[in-house]
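Enquirer: Sending over a structure as structure tokens; questions will come in a sec.
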Amino acid sequence: MNRNHILVFLIFSILLNACSSSKKIGSSVVEKQVLEIIHKVNSYWQSNHPPQQWAFWDIAAYHTGNMEAYFLTKNENYRNYSTAWAEHNEWKGARSANKAEWRYSYGEKDEYVLFGDWQICFQTYIDLYKLEKDEKKIARTKEVMEYQMSTAQNDYWWWADGLYMVMPVMTKLYSITGNRQYLDKLHEYLSYANSIMYDSTSGLYFRDAKYVFPKHKTSSGKKDFWARGDGWVFAGFAKVLKDLPSNDPHREAYIRIYKKMALAIKDCQQPEGYWTRSLLDPEHAPGPETSGTAFFTYGFLWGINNGYLDATTYAPVVTKSWNYLTQTALQSDGRVGYVQPIGERAIPGQIVDKNSTAGFGVGAFLLAACEQYRYLNR
């Protein structure tokens with residue numbers, strides 16, 4: 001190699017290293033911005049909402065996102081906030097001690113112990129237990145779920161939301177107890193849910209049996225798949241796959257449902273990056289909605305980050321949805337807007353705007369933001 005060749009080689013090496021360093025610096029800047037967004041959103045929520053609130057689903061769903069933010073950032077304020085909430089609720093969901101009156105139809109009173117909306121809190125209790133083992137944190141969780149598994153019923157998950165609320169409870173409890181029954185009952189209960197809500201043709205879930213086509217239709221006669229409902233399910237499968245043993249006999253079946261959902265959800269994203277409240281009929285309830293969009297973004301990013309979804313196919317999807325979440329949904333003060341209020345369907349004419357916010361939407365946003373950070377940091 002002559003002197004000129006050596007000189008060219010050195011210059012090329014210097015430029016290559018400079019480009020590589022520039023890329024790393026650029027990535028670091030973007031990662032830092034994501035962390036700043038997480039802190040901005042979570043600080044706004046926590047400063048405006050004391051932790052002393054009930055353990056029902058709307059608040060408990062926020063805590064699933066808050067704990068994910070803690071695991072990513074190790075910000076002790078986040079952990080302390082969820083701990084204060086758990087202690088306020090005495091590490092319980094619904095509080096009835098009389099098993100003879102325990103129910104699992106819809107209900108907000110203390111006898112609805114077996115209703116999944118009162119069981120999502122167990123996810124956070126288990127997460128806190130894993131950080132600092134104290135049996136009191138999960139005693140009620142195990143009591144409730146072991147009782148439920150001892151019954152002959154398998155129809156506990158009769159609405160789509162329940163799959164997010166309770167499927168991860170089952171895999172989390174298996175991870176700390178090794179009790180195979182949690183995974184067996186997960187499959188049994190999910191099989192029932194699929195029999196009444198899952199539309200294998202589209203790969204999506206109706207919210208519950210009331211909304212199955214053609215009994216229920218959108219205003220233009222189409223199948224009505226509620227965005228947040230399918231968001232609960234899609235995110236729930238991601239959480240299950242995260243904790244499910246690699247040798248579980250039903251794992252491949254869960255992956256197939258998850259991947260089919262991913263493809264169906266991708267295909268109905270709006271050009272602006274969000275998903276409308278009725279997935280296949282944007283005109284039924286037009287305009288952006290954040291909770292469904294955030295759960296979808298989390299589900300896609302988790303799949304990419306863990307090798308279940310192809311980045312070439314799905315990265316453009318999350319690029320658009322992340323832009324929506326941070327440039328439209330996120331307000332300057334840290335409030336997460338455009339969250340459809342509590343409900344169970346897409347409602348034509350319902351107002352959803354920048355002032356529409358709720359804890360479950362913030363929780364979903366935090367889940368998506370944490371996976372976005374991990375995606376950038378791969």
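Enquirer: When the residues of region 184-232 are narrowed to those that are in a strand (DSSP E or B) and among the charged types (D, E, K, R), which ends up surrounded by the most Cβ atoms within 10 Å (Cβ to Cβ)?
Expert: Among those residues, the one meeting the criterion is Asp208.
Enquirer: Moving on to the next point. Only residues in region 83-102 that are among the charged types (D, E, K, R) count as the first member; pair them with residues that are surrounded by 14 or more Cβ atoms within 10 Å (Cβ to Cβ) and outside any loop (DSSP other than H, G, I, E, B), Cβ under 7 angstrom, at least 6 apart or cross-chain, and list the lot.
Expert: That search, which allows pairs on different chains as well, returns Lys92/Arg140.
Enquirer: Looking at region 256-271, is at least one residue more than 16 Å from Ser202 (Cα to Cα) and over 16 Å from the mean Cα position of the chain (by Cα)?
Expert: Taking every residue of region 256-271 in turn, at least one turns out to be more than 16 Å from Ser202 (Cα to Cα) and over 16 Å from the mean Cα position of the chain (by Cα).
Enquirer: Among the candidates Gln119, Gln148, single out the residue that is polar (S, T, N, Q) and touching a helix residue (DSSP H, G or I) at 6+ places or on another chain (Cβ under 7 Å).
Expert: So the residue among Gln119, Gln148 that is polar (S, T, N, Q) and touching a helix residue (DSSP H, G or I) at 6+ places or on another chain (Cβ under 7 Å) is Gln119.
Enquirer: Would you check which residues across region 213-246 are charged (D, E, K, R) and touching a Lys or Arg at 6+ places or on another chain (Cβ under 7 Å) and list them?
Expert: Matches in region 213-246: Asp224, Asp243.
Enquirer: Cβ contacts < 6 Å: first residue more than 16 Å from Ala55 (Cβ to Cβ), restricted to region 157-169; second residue of a type in the set (Phe, Trp, Tyr) and assigned to a helix (DSSP H, G or I), any location; separation 6+ or different chain. Result?
Expert: The qualifying pairs are Trp157/Tyr189; Ala160/Trp232.
Enquirer: Which one of the conditions (1) of a type in the set (A, V, I, L, M); (2) in contact with a Lys or Arg (Cβ under 9 Å, 6 or more places away or on another chain); (3) part of a loop (DSSP other than H, G, I, E, B); (4) over 13 Å from Trp54 (Cα atoms) does Ala97 fail to meet, given that it meets all the rest?
Expert: Unmet for Ala97, out of (1) of a type in the set (A, V, I, L, M); (2) in contact with a Lys or Arg (Cβ under 9 Å, 6 or more places away or on another chain); (3) part of a loop (DSSP other than H, G, I, E, B); (4) over 13 Å from Trp54 (Cα atoms): (2).
Enquirer: Further, regarding this structure: Could you list all residues from region 325-355 that are without any contact (Cβ under 8 Å) to a residue 24 or more places away in the chain and under 20 Å from the mean Cα position of the chain (by Cα)?
Expert: Pro341, Gly343
Enquirer: May I ask you to list the residues in region 354-378 that are among the basic types (Lys, Arg) and either under 19 Å from Val41 (Cα atoms) or at pLDDT 95 or above (or both)?
Expert: Lys354, Arg374 - these are the residues of region 354-378 that are among the basic types (Lys, Arg) and either under 19 Å from Val41 (Cα atoms) or at pLDDT 95 or above (or both).
Enquirer: Can you find a residue that is within 19 Å of Gln327 (Cα to Cα) and either surrounded by fewer than 24 Cβ atoms within 10 Å (Cβ to Cβ) or in contact with a Pro (Cβ under 8 Å, 6 or more places away or on another chain) (or both) anywhere in region 253-270?
Expert: yes
Enquirer: Quick one: which of Asp110, Asp117 is charged (D, E, K, R), in a loop (DSSP other than H, G, I, E, B) and over 26 Å from Gln331 (Cβ atoms)?
Expert: Asp110
Enquirer: Mind listing just one residue for me: the one in region 132-147 that is without any contact (Cβ under 8 Å) to a residue 40 or more places away in the chain and surrounded by fewer than 21 Cβ atoms within 10 Å (Cβ to Cβ) and, of those, nearest to Ile196 (Cα to Cα)?
Expert: Glu146
Enquirer: Something else now. Tell me the residue from Ala285, Ala264 that is assigned to a loop (DSSP other than H, G, I, E, B), in contact with a strand residue (DSSP E or B) (Cβ under 8 Å, 6 or more places away or on another chain) and not hydroxyl-bearing (Ser, Thr, Tyr), please.
Expert: Result of the check over Ala285, Ala264: Ala285.
Enquirer: What are the residues in region 120-159 that are among the basic types (Lys, Arg) and outside any helix (DSSP H, G or I), if any?
Expert: Within region 120-159, Lys133 is the sole residue that qualifies.
Enquirer: Tell me which of these Leu241 doesn't satisfy, since it passes every other one: (1) buried (at least 22 other Cβ atoms within 10 Å of the Cβ); (2) not in a loop (DSSP other than H, G, I, E, B).
Expert: For Leu241, the exception is condition (1).
Enquirer: Looking at (1) in a helix (DSSP H, G or I); (2) farther than 15 Å from Glu272 by Cα; (3) within 18 Å of the chain's Cα centre (by Cα), can you tell me which one Val317 breaks?
Expert: (2)
Enquirer: Check Ile351, Ile342 and return the single one that is more than 22 Å from Gly65 (Cα to Cα), outside any helix (DSSP H, G or I), among the β-branched types (Val, Ile, Thr) and modelled with pLDDT of 95 or more.
Expert: Ile351
Enquirer: Taking into account only those residues within region 301-314 that are part of a helix (DSSP H, G or I) and under 18 Å from the mean Cα position of the chain (by Cα), which is surrounded by the most Cβ atoms within 10 Å (Cβ to Cβ)?
Expert: The qualifying residue surrounded by the most Cβ atoms within 10 Å (Cβ to Cβ) is Leu301.
Enquirer: I've got another one for you. Between Ala262, Ala253, which is modelled with pLDDT of 95 or more, among the small types (Gly, Ala, Ser) and over 18 Å from Pro168 (Cα atoms)?
Expert: Ala262
Enquirer: Checking the structure you have, find out if any residue of region 255-262 is small (Gly, Ala, Ser), without any contact (Cβ under 8 Å) to a residue 12 or more places away in the chain and more than 23 Å from Tyr182 (Cα to Cα).
Expert: No, because not a single residue in region 255-262 is small (Gly, Ala, Ser), without any contact (Cβ under 8 Å) to a residue 12 or more places away in the chain and more than 23 Å from Tyr182 (Cα to Cα).
The values are calculated or read from the model by the stated rules, or taken from the named source; none is laboratory data. Everything quoted here is computed from the prediction, not taken from an experiment. Cβ atoms come from the backbone with ideal geometry, glycine included; neighbour counts cover every protein chain shown.
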